[in-house]
Each structure stands twice: as C-alpha cells, then as structure tokens.
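The values are calculated or read from the model by the stated rules, or taken from the named source; none is laboratory data. All of these numbers come straight from a predicted model, not from anything done at the bench. Cβ sites come from the backbone with ideal geometry, for glycine too, and all protein chains shown count toward neighbours. The protein model used for the area step is the full one, side chains on, heavy atoms only, and it has no ligands, DNA or RNA in it. Shrake-Rupley method; radii C 1.70, N 1.55, O 1.52, S 1.80 Å.
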Amino acid sequence: MFEVYIHVPFCLRRCGYCDFNTYTATDLGAGASRGNYANMVIREMKLTKQWQLDHGIEEPPVSTVFFGGGTPTILAARDLVAMLDAVRKIWSIAPDAEITTEANPDTVNEYYINELAAGGFTRVSFGMQSAVPHVLKTLDRTHTPANVAVGVNAANKAGLRSSVDLIYGAPGESLDDWRTSVTTAIDLGVNHISAYALTVEPTTKMGRQIAAGTLPKPNDDDEAAKYEIADDLFAAAGLEWYEVSNWARPGYESQHNLGYWRNVDWAGLGPGAHSHYNAVTEADHPQSASLTAPAGGGCPADAGLGVVSVSHGLRSWDIAHPRLWGTAINENRVPWADSETITPEENLEELIMLGLRLHEGLDLDRINRAINDAGMSSTPQTLRNVSLDQLAPMVSEGLITVSDNHRVVPTRRGRLLNDSVIEQFFDFVGV
C-alpha cells in the first residue's frame, strides 16, 4: 500500500494546547502563502515522485490521501481539490481510495462540503474536541457545538463519511462534562470517533499557564476514568475500538490511519511532514550515496542511480518552517530537513509498538520474521514457542489476550497501560 499525507500549516488562531507545526500568518515567504500553497505542494509532489524513481521505488496506486494541519479547510476548497487532482495525475489513485480532510467547523459550510465531494473527497474529520462551552474556551477553540452538527449534516447530505475528534483531560473538565461531549458526539450519528488524552507541552500557552499555576495539570487517573467512560458509551452505541484512541462502526475505520499503524509506505508533503518507505535502493552515486539531506535541508531532485549498493527502510521529514521549505522547492530540491535509515532492529520495535495499539493485534509470526531479519533468532519457530510461555504473566495480569492464530491484543487495561505493555514486550524479544 501507498498513502499520501498533505500538511497544511495555516490556522485562523493557535490553540493554547497545540504544538503542531502551524502558523497564523497568511504569507510566510518563498511562495508559502495561503493563496499559493497548493501550487507549492504540487511542485513538491513532482520532486518527490522523481526522487522515488531515482531510488528504485515503484509504488502502487494511492490507497488513501489525508489532508491534515493546521487547518486544511482554511484554504479554498478548489485548492484542496487541485492538490488531490495532482496526486491522481502524478501517482494515480485506487478506485476505492479513501480521501479525507480534517476540518475546523468554523471554516466549512454546505457549499464548501459540496465542492469537496464533487472533487473526489470521501470523508471529513471534524475537530469537535468538546461539546461543553467552558472546555472549548479553555482549549481556545472558537467553534460551537452547533457548528459541528451543521458540518456533519452537510457532509451526510453530500454523501461523505464523517468523523469527529474529541480531547479529554482539559483543565476544569469534569466527568459529567466529558460524558456530555461523548454523548453529543454519538448523537451526531457519525460512524467514527477519535478520543485523545490531552498532552500538554511546556512550550505551549497552556503549558506555561500550568507551570504558572493558573491552570491545573491534567491528572492520569482522571484521564483513565474518562477513557473508560468513552469506551463504555461508544461500545453501547455500536462503535468498536480498533485502535487505542479510535472507535468506529465495522467498515468505517480510518484506512489512512490504519496504514500508519500497519507500517505501510507513505509520502508526507508540506512543512514538517514525515515520509516512510520500507525499501529504498541507495546507489553508489556522488549525489545520492547518502540519503541524508545536505546542510541547509533538501535533497537534489536529480540524484540518480548508479551501482546499487544497499536496500533498506527510510524515514524522512520535511523542513518545518514554510519559508525555508518553499526555498528548497524553488531551488528544485526535495525539501527534506533530514532522513534516517530504518535498521531491522528499529523496524522490529515499530512493528511491536504499532501492533500493540490495534484491535487486530500484534502478529507474532510477523514479529518472528522481523527478528530473523534483525539477526536475533535462527529459526522462526523459536519466537512463537517462547513467546507464548513468556506472555502468560501478561495474560494473567489482564493486559493482553493471545488468539489461536498468535495475535496479541491489548485488553482495556492493556490499552490504559499501553506503554508498559510495549516495554514488557521489548524486554521479551530483547530490543
């Protein structure tokens, strides 16, 4: 599978809890402005496609496209459609592809949604966060619960799937406040809901307020209680958890996010976006002997193949500041800040971390093959035989279940203690 993520770094205002790569200015220089942004991303697509060809990467048609931010819907709908059309032209898009944009309820209306639907979008993810006015105020959100309903209704009318995002653990949010938000989200009739625990970074406005004592710090026990409330209410409404922070009716899971958790290939476009490739051919070529970006960021678009020397996984990330990102594109360079080789051991760690977040579970046979690739075991059978015995304490503690086909699935307790489950599994396999 191959996915495309497009980051739109513009916002109307910066929320107090947000540490994403976002900006409120309309023009950040070097062509990175709201009005010209689609053109810049399309240019990056062409550079990225050439880089893929130069490094022996032939991807299948795109299975999902996801516009995130920031606020993608701060741009004109025609700009989002233009970028989607470019993906279709440059890579091709599978007939049943999932095409999603995140949306701030303040920035869309029926006409906007209809233009997205006509342009090929299939799904909208609305940033709801809460249904309680004082919680929205604490989070610096400007929309109202009524705006969310208007957006969801418009999406339904246009034939698009809808999802809403919630955040729990905001300072001053009571358990009843959280129940109100969850039940309001369910009553919208959407088939997918994400619920994330508030994470406060010290450099954000909220982080500074908490450090100064003007806001209380989020409490782990409070967040655990709210997770259990959400899980119970979602389950009663027919929404099943399929990832630690995501619930959906069967068949409505986010295919794009599942791709991340299944460790597929994806190209990230836009300032700060990350890309991931499972197999990259690095060549003996003066400009491409190293896949690490040169000083100042950016990789030559014409770095071609010479004598093949090695094939490995790769992770890269775009230059974060839009002006510097735009400068690299204007100089005909893939706008990476840097990249790194994914070693077999790192790949194993990622498979464990991602698999233990999913309801489909961690495939022990796949882990077994990864261990062989990492040179950590001589026979595939060894992991399976030992793992089942050594996983028994985790089963008895109620952290995981192990199916007959050797899939390890976290229980609700295991989801709440996911970091601990992952650490124990790391100890077990020796990474």
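Brief remarks on what is shown
- Any hit, region 170-186, residues being surrounded by 19 or more Cβ atoms within 10 Å (Cβ to Cβ), within 23 Å of the chain's Cα centre (by Cα) and not in a helix (DSSP H, G or I): yes
- Unmet requirement for G70, which otherwise passes all of (1) in contact with a Cys (Cβ under 8 Å, 6 or more places away or on another chain); (2) of a type in the set (G, A, S); (3) at negative phi: (3)
- Among residues of region 148-166, those that are crowded, with 21+ Cβ neighbours inside 10 Å and either free of Cβ contacts under 8 Å to residues at least 40 places away in the same chain or outside the structural domain of T214 (by the TED database) (or both), counted: 3
- Selection count where residues are surrounded by fewer than 21 Cβ atoms within 10 Å (Cβ to Cβ) and in a strand (DSSP E or B), scope region 243-257: 1
- Candidate set: region 393-419, residues that are open to solvent by 50 Å² or more (accessible area, probe 1.4 Å) and assigned to a helix (DSSP H, G or I); chosen: the one nearest to Y242 (Cα to Cα): R412
- Checking each residue of region 36-47 against the condition of being open to solvent by less than 30 Å² (accessible area, probe 1.4 Å), modelled with pLDDT of 95 or more and within 17 Å of R123 (Cβ to Cβ) gives no match.
- Listed by first and then second residue, the pairs with beta-carbon distance under 8 Å, at least 6 apart or on different chains, first residue in region 209-224 and within 15 Å of V135 (Cα to Cα), second of a type outside the set (A, V, I, L, M, F, W, C) and part of a helix (DSSP H, G or I), are L215/T138; L215/Q209.
- In region 32-57, the residues that are touching a residue at least 12 places away in the same chain (Cβ under 8 Å) form Cβ pairs under 6 Å with partners that are of a type in the set (F, W, Y), at six or more places apart or across chains, as follows: R34/F10.
- In region 209-226, the residues that are aliphatic (A, V, I, L, M), in a helix (DSSP H, G or I) and open to solvent by less than 80 Å² (accessible area, probe 1.4 Å): I210, A212, A224, A225
- Filter result for F10 (open to solvent by less than 40 Å² (accessible area, probe 1.4 Å), on the phi < 0 side of the Ramachandran plot and of a type outside the set (V, I, T)): yes
- Of all residue pairs spaced 6 or more apart or on separate chains, those with beta-carbon atoms under 6 Å, a first member in region 234-260 that is under 16 Å from I186 (Cβ atoms) and outside the structural domain of G414 (by the TED database) and a second member that is among the β-branched types (V, I, T) and surrounded by 16 or more Cβ atoms within 10 Å (Cβ to Cβ) are A237/I186; W247/I193.
- Failed criterion for S377 (all others in (1) modelled with pLDDT of 75 or more; (2) open to solvent by less than 50 Å² (accessible area, probe 1.4 Å); (3) over 22 Å from N418 (Cβ atoms) hold): (1)
- With respect to the stated conditions, S163 is touching a Phe, Trp or Tyr at 6+ places or on another chain (Cβ under 9 Å), assigned to a strand (DSSP E or B) and closer than 24 Å to P95 by Cα.
- Residue within region 126-134 that is of a type in the set (F, W, Y), within 30 Å of W178 (Cβ to Cβ) and open to solvent by less than 30 Å² (accessible area, probe 1.4 Å) present: yes
- Matching residues in region 189-208 - criterion: being over 11 Å from Y168 (Cα atoms), open to solvent by 30 Å² or more (accessible area, probe 1.4 Å) and within 24 Å of the chain's Cα centre (by Cα): G189, N191, V200, E201, P202, T203, K205
- Of all residues in region 81-122, exactly one satisfies the criterion of being assigned to a strand (DSSP E or B), open to solvent by less than 10 Å² (accessible area, probe 1.4 Å), farther than 19 Å from T184 by Cα and touching a residue at least 40 places away in the same chain (Cβ under 8 Å), namely T100.
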